1. What order, most packed first, do the peptides 67-73, 188-194, 100-106, 43-49 have when packing is the mean number of other Cβ atoms within 10 Å of each residue?
2. Sticking with the crude label model, points 7 Å out along Cα→Cβ, report the distance from residue 60 to residue 179 in nm, one decimal please.
3. Sticking with the crude label model, points 7 Å out along Cα→Cβ, report the distance from residue 234 to residue 144 in nm, one decimal please.
4. When the Cα centres of segment 212-232 and segment 40-54 are compared, how far apart do they sit, in Å?
5. Give me Rg over Rh for the chain, both radii from the alpha carbons and Rh done the Kirkwood way, two decimal places.
6. What is the angle, in °, between the Cα long axis of helix 198-207 and the longest principal axis of the Cα atoms in the chain? Nearest 10 is fine, range 0 to 90.
7. Output the antiparallel fraction of DSSP beta bridges having both residues in segment 2-217, as a percent to the nearest 5.
8. Based on the mean of other Cβ atoms within 10 Å per residue, sort peptides 88-94, 34-40 so the most packed one is first.
C-alpha cells in the first residue's frame, strides 16, 4: 500500500504544522484527469477550496483514504521541527491504518502502538506499506517505524496523490489562520498566514508574541531557547 505525505506550516513563526496522508484506490491516471488535483501552490485560494472539498468527497465515497495530524507550537519549540513532522506522520499513519482495520484508536499513542498497527495491517492485508514523502529525507520514519519510505524533492508538481495531500494541508491550515485573524485582527494573519514577513514582524514588535508563536524561530526575542531530547511520554495538545 502506497501512502503519500505532504505538509503545510513547516517554517512559519506561528502555529500550526499540518501533515496529511493520502492513499487512493483510484489509479493515478484517472486522478490526473481532474484539473484541480495539482500542486496547491499552482491553484488560486478559491480553486484550492473546491479541490479540498472534492478530495474529502472521494474519501466519503471510500475511494481514497486520507488522514491529518497537527502539531502545536509547544511541541515544535520543545523538540524541533524534524521531530514534530516525524511524530505527526507516525500518529496520522496509526490513525489511518486503525480506521482501515476497524480497530479502536487510542487517545494516547506511543511508538509501540504505531508499530503494532503497521504489523497488523501488513500481516492481515498481506501488503507492504510504502510511505512516499515530498522531501529530501524521511524524518527518521523508516528507522523509527521499520517501514519502507521513498523521498523525492518537489514531487508535488508531478505526483497527483502528493498534490492532493498538499491541497488538504494548505487549505486546512489556512482556514485556521483565517479564523485566528478574526480573533487577533491586529496581527493580519489572513495576509501572511503566520510566515516570516515584514508585516508579521511589525505586528510582533507592536503587540508582542502570542502563546502560539514559535519561540524557537524568534531568535532575536528568545536567543537562549533550547530544544530537549525527545520523550514520547510527554503529551502535547495536537491531533
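Quick note: the coordinates plus some simple rules give every number you see, no bench work behind them. Given the structure is predicted, the values throughout are model-derived calculations rather than measurements. Every residue, glycine among them, receives a Cβ derived from its backbone with ideal geometry; neighbour counts consider all protein chains shown.
1. Put in order of decreasing packing, that is 67-73, 188-194, 43-49, 100-106.
2. Label-label distance for residue 60 and residue 179, simple model: 1.9 nm.
3. Reported label-point gap for residue 234 and residue 144 is 1.5 nm.
4. 33
5. Over the Cα atoms of the chain, Rg/Rh equals 0.97.
6. With both axes taken from Cα atoms, the answer is about 60 degrees.
7. 65
8. Answer by packing, highest mean first, reads 88-94, 34-40.
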